[in-house]
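Colleague: Dropping a structure here in structure tokens format, bear with me for questions.
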Amino acid sequence: MVINVCIGSACHLKGSYDIIKIFEKLISENDMTEKVDVKASFCLGNCVGAVSVRFDEKIYSVQPETAEEFFNSIVRKKVC
Amino acid sequence: MFFIDTAYNSIIKHNEELCGDHVEQVNLPDSKILVLSDGLGSGVKANILATLTSKIAATMLKEGASLEDTIDTIVHTLPVCSERKLAYSTFTIIKVYNDGNVYAAEFDNPSIFLIKNGESKEIHKVKRVINDKIIYESNFTIDEESMIVAVSDGVVHAGVGKSLNLGWQRENVENYLKEISKNNVSTKATIRYVLNQCNTYYEGEAGDDTTVLAVKIRKQNTINLFTGPPKNPEEDFSVVNEILAAEGKVVVCGGTTANIMARMLGCEIEIDVSTMTSTVPPVAILPRIELVTEGVITINKAIELITSYNNTMEMPRILPKLQERNAAAMLARLLIEDCDKLNLWVGQAINPAHQAESFPMGFNFKINQIKKLADLIEKMGKEVNIKYT
């Protein structure tokens, strides 16, 4: 599975860099490197909801503060 | 006929505000004349001597005056230093024609270097005495692989009183130039490398004004910078086709713009996350495209870098930053070093999300940013065209 984090202008300013780092850390802590990849992506067309994150065909709106919760409730649930 | 590619810059002596070295360039239809002059002493006095010398030489030679007359005029014009009872300023005159023929006249500066593919070529020089001054004249030709490098003595003395007892020294500078020339390095990169090296040896506190000048002949480099989607989405296809058909390299700045380009090229965008920093979004890879970056933030950072690069006081500090591996540094390097002519293809589509009050970089910001970039690049002596789509 792939988590796409938008790094377009609006998303970058709202914290894409931190979110990518948080996801990378959570993936390695939870031994999920075989199952999940984090990739950056240009504009996902949802600039109003920055930072846009695409996972499992859906676009989510994630902030650095909510990244861990998003990871646990959406990503882990789906993958594990 | 070739494009004559010149680059020069100086590090000012520590604690001085003015540079005692000066480079003057004159562009003629078939050639370019460069005069590098190093005035006696440092600060205001040296600056006046060097500026006068190089301006007189460049202007007179441009108008077709002989070397004798030019030197005679310089000698009789320079103000005499009250302490040293001397009116003195060195010079190196280099005239490069667009067919590769070169004329050089040197007085008291370190001899010029002629570097080609890791080798240093010897230049046959003729000694002449004009007004009691010993001048070395030479005529030679260069090809696309050769580079002429001239330096002021601040380069060969780099490190004196700091990290190197005897300074960098001419043969070491020569070896360094030979080494970097193996990778067919540009003139701009050459002066950046050499000045950065000098700054390191001087430990950031140059003991003398330090100047490097590099000249080369080559084909003109054009960059087509595509930023912002066209106002009318139906024109995406025709605009992209026009850009891809244009002469020169293509650079894409903007997430949506990159998505359009990828769709037209029929391929996936691959993002190189290793180039991502907390302040600059990463670069992406697309076939046929020289560089793909995010738009407004990256361009803004690149403008900051280029502005500092053009400012003599800030330049030494910015050199290492220009060598970093992030989108803004790569864009700035490309525009400084690999661009003689810049075509800006500016899309006028408005991203509604960017117009929100919380977003600091709306449409007007983008348009002004492009104008600023165009001005900046034009001031560097390059040709700039803007096309709004």
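Colleague: Considering only C-alpha atoms, what is the centroid distance from region A:1-54 to region B:165-195, in Å?
Modeller: Rounded to whole Å, the Cα centres lie 42 Å apart.
Colleague: Right, another one. Would you look at the GNM of chain B, springs on alpha carbons closer than 10 Å, and say which of B:52, B:265, B:195 moves the most?
Modeller: B:265
Colleague: Can you give the FRET efficiency for residue B:184 and residue B:279, using 1/(1 + (r/R0)^6), R0 = 25 Å, r = Cβ-Cβ distance, to the nearest 0.05?
Modeller: In this case the efficiency is close to 0.20.
Colleague: Among B:312, B:49, B:243, whose Cα projects farthest towards the positive end of the dipole of the protein assembly as shown, with charges put on the beta-carbon of Lys, Arg (+1) and Asp, Glu (-1)?
Modeller: Farthest towards the positive pole: B:243.
Colleague: Quick one: go through region B:355-388 and flag any residue whose amide nitrogen is under 18 Å from the point 7 Å out along the Cα-to-Cβ line of residue B:242.
Modeller: Only B:384-388 pass the distance filter.
Colleague: To continue, here is another question. Using the crude model of +1 on Lys and Arg Cβ and -1 on Asp and Glu Cβ, and no other charge, please compute the dipole size for region B:260-370 relative to its Cα centre, in debye to 20.
Modeller: So the magnitude is around 100 debye.
Colleague: Next question. About the Cα centre of chain A, how large is the charge dipole given +1 on each Lys and Arg Cβ and -1 on each Asp and Glu Cβ? Please answer in debye to the nearest 20.
Modeller: Working: 10 positive and 11 negative charges, 42 e Å.
That gives a dipole near 200 debye.
Colleague: Further, regarding this structure: Between the alpha-carbon centers of region B:125-152 and region B:308-341, tell me the distance in whole angstrom.
Modeller: When both Cα centres are located, 30 Å separates them.
Colleague: So, one more: Tell me, what is the per residue accessible area of chain A in Å², probe radius 1.4 Å? Write down the numbers at each step before the final one.
Modeller: Values: 4080 Å² over 80 residues.
Roughly 51 Å² per residue, with all protein chains present.
Colleague: From the backbone phi of region B:129-138, what are the Karplus-calculated ³J(HN,Hα) couplings (6.51 cos²θ - 1.76 cosθ + 1.60, θ = phi - 60°) in whole Hz, Gly and Pro given as x?
Modeller: Going residue by residue, I get 10, 10, 6, 6, 9, 8, 10, 9, 10, 8 Hz, with x marking Gly and Pro.
Colleague: Something else about it: When the accessible area of region B:1-81 is split by element with a 1.4 Å probe, what percent falls to carbon and sulfur?
Modeller: Of the solvent-accessible surface of region B:1-81, carbon and sulfur hold 54 percent.
Colleague: Now a separate question. Write out the cysteines belonging to chain A for which the nearest other cysteine Cβ is not under 4.7 Å, or none if no such cysteine exists.
Modeller: Within chain A, the cysteines lacking a partner Cβ under 4.7 Å are A:43, A:47, A:80.
Colleague: How many square angstrom of accessible surface are buried between B and A, both sides summed, with a 1.4 Å probe and rounding to 100?
Modeller: 1600 Å²
Colleague: I've got another one for you. Loop only per DSSP, at most 16 neighbouring Cβ atoms within 10 Å: give me the GluC sites (Glu not before Pro) in region B:78-170, ordered by residue number.
Modeller: Qualifying residues, ordered by number: B:83, B:122, B:144, B:145.
Colleague: Compute the accessible area of each residue in region A:34-51 twice, once for its chain alone and once with every protein chain present, using a 1.4 Å probe on heavy atoms, and list those whose area falls by at least 10 Å².
Modeller: Residues losing area: A:40, A:42, A:43, A:47, A:48.
Colleague: Taking all protein chains in place and a 1.4 Å probe, what share, in percent, of the accessible surface of region B:278-328 do carbon and sulfur account for? Don't jump to the answer; show the numbers that get you there.
Modeller: On the way: 990 of 1990 Å².
Carbon and sulfur: 50 percent of the exposed surface of region B:278-328.
Colleague: Moving to a separate point now. Which FRET efficiency value, to the nearest 0.05, do you get for residue B:133 and residue B:1 by plugging their Cβ-Cβ distance into 1/(1 + (r/R0)^6) with R0 = 41 Å?
Modeller: 0.75
Colleague: Convex hull volume of the Cα atoms in region B:138-182, per residue, in Å³?
Modeller: 83 Å³
Colleague: Would you be so kind as to list the residues of region B:292-319 that have their accessible area lowered by at least 30 Å² in the full protein complex compared with their chain by itself (1.4 Å probe)?
Modeller: Going by heavy-atom accessible area, the residues of region B:292-319 that drop by at least 30 Å² are B:294, B:297.
Colleague: While we're here: Go through region B:277-282 residue by residue and turn each phi into a ³J(HN,Hα) via Karplus (6.51, -1.76, 1.60, θ = phi - 60°); whole Hz please, and just put x for glycine and proline.
Modeller: Running phi through 6.51 cos²θ - 1.76 cosθ + 1.60 with θ = phi - 60° gives 10, 5, 9, 10, x, x Hz.
Colleague: Where does helix B:296-309 land angle-wise versus the long Cα axis of chain B, in degrees 0 to 90, nearest 10?
Modeller: Helix B:296-309 sits at roughly 0 degrees to that axis.
Colleague: Expressed in whole Å with the largest first, what are the equivalent ellipsoid semi-axes of chain B derived from the C-alpha gyration tensor as the square root of 5 times each eigenvalue?
Modeller: Ellipsoid semi-axes (Å, largest first): 43, 22, 19.
Colleague: Measure off 7 Å from each Cα along the Cα-to-Cβ vector at residue B:55 and residue B:387, then give the distance between these two points in nanometres to one decimal.
Modeller: Each label point lies 7 Å from its Cα, and together they span 4.0 nm.
Colleague: How long are the semi-axes of the equivalent ellipsoid of the protein assembly as shown, defined as square roots of 5 times the Cα gyration tensor eigenvalues? Whole Å, largest first.
Modeller: So the three semi-axes of the protein assembly as shown are 50, 24, 19 Å.
Colleague: Which net charge results when you count Lys and Arg as +1 and Asp and Glu as -1 among the other residues whose beta-carbon is under 13 Å from that of residue A:1?
Modeller: Value of the local net charge: +3.
Colleague: Where does helix A:16-29 land angle-wise versus the long Cα axis of chain A, in degrees 0 to 90, nearest 10?
Modeller: 0 degrees
Colleague: Can you give me the % of accessible surface on region B:186-277 that is carbon or sulfur? Probe 1.4 Å, all protein chains present, nothing else counted.
Modeller: About 46 percent, which is the carbon plus sulfur part of the accessible surface.
Colleague: Starting from the Cα of residue B:101, step 7 Å along the direction of its Cβ; do the same at residue B:348; then give the gap between the two resulting points in nm.
Modeller: Once both label points are built, they end up 4.9 nm from each other.
Colleague: Which whole-number value in Å² is the accessible area per residue of chain B, probe 1.4 Å?
Modeller: Using a 1.4 Å probe on heavy atoms only, each residue of chain B averages 44 Å².
Colleague: Still on this model: Which three extents, in angstrom, do the Cα atoms of region B:84-231 have along their principal axes, listed largest first?
Modeller: Answer, in whole Å and largest first: 67, 39, 32 Å.
Colleague: Using a basic spin-label model with each label point 7 Å from the Cα along Cα→Cβ, how many nm lie between residue B:76 and residue B:263?
Modeller: Roughly 7.2 nm, to one decimal.
Colleague: Just how far, in whole angstrom, is region B:347-366 from region B:218-232 if you go by their alpha carbon centroids?
Modeller: 21 Å
Colleague: Counting each DSSP H run of 4 or more residues in chain B as -39500 (n - 2.57), what helix-only mean residue ellipticity at 222 nm follows after dividing by all residues, to the nearest 500 deg cm²/dmol?
Modeller: The helix-only estimate for chain B comes to -10500 deg cm²/dmol at 222 nm.
Colleague: In a shell of Cβ-Cβ distance under 11 Å around residue B:215, excluding residue B:215 itself, what net charge do Lys and Arg (+1) and Asp and Glu (-1) give?
Modeller: +3
Colleague: Another question, then. Which residue fluctuates the most in chain B, going by a Gaussian network model with Cα springs under 10 Å, if the choices are B:155, B:44, B:273?
Modeller: B:273
Colleague: Using amide H atoms built 1.01 Å from N in the peptide plane, name the residues 5+ places from residue B:291, or on other chains, whose amide H lies under 5 Å from its own.
Modeller: Result for residue B:291 returns B:252.
Colleague: Whole number please: convex hull volume per residue of the Cα set in region B:13-125, in Å³?
Modeller: Looking at region B:13-125, the number lands at 128 Å³ per residue.
Colleague: When the chain is fully extended, how far beyond the present Cα-Cα distance does residue B:85 get from residue B:378, taking 0.36 nm per residue of separation?
Modeller: 101.3 nm
Colleague: Name the residues of region A:1-33 whose accessible area, probed at 1.4 Å, falls by at least 40 Å² once all protein chains are in place instead of their chain on its own?
Modeller: A:7, A:9, A:12, A:13, A:17
The values are calculated or read from the model by the stated rules, or taken from the named source; none is laboratory data. Predicted, not measured: the structure shown is a model, and the values here were computed from it. Backbone-built Cβ (ideal geometry, glycine too); neighbour counts: all protein chains shown. Note: accessible area is taken over every heavy atom of the protein model, side chains too, but ligands, DNA and RNA are not part of it. Shrake-Rupley method; radii C 1.70, N 1.55, O 1.52, S 1.80 Å.
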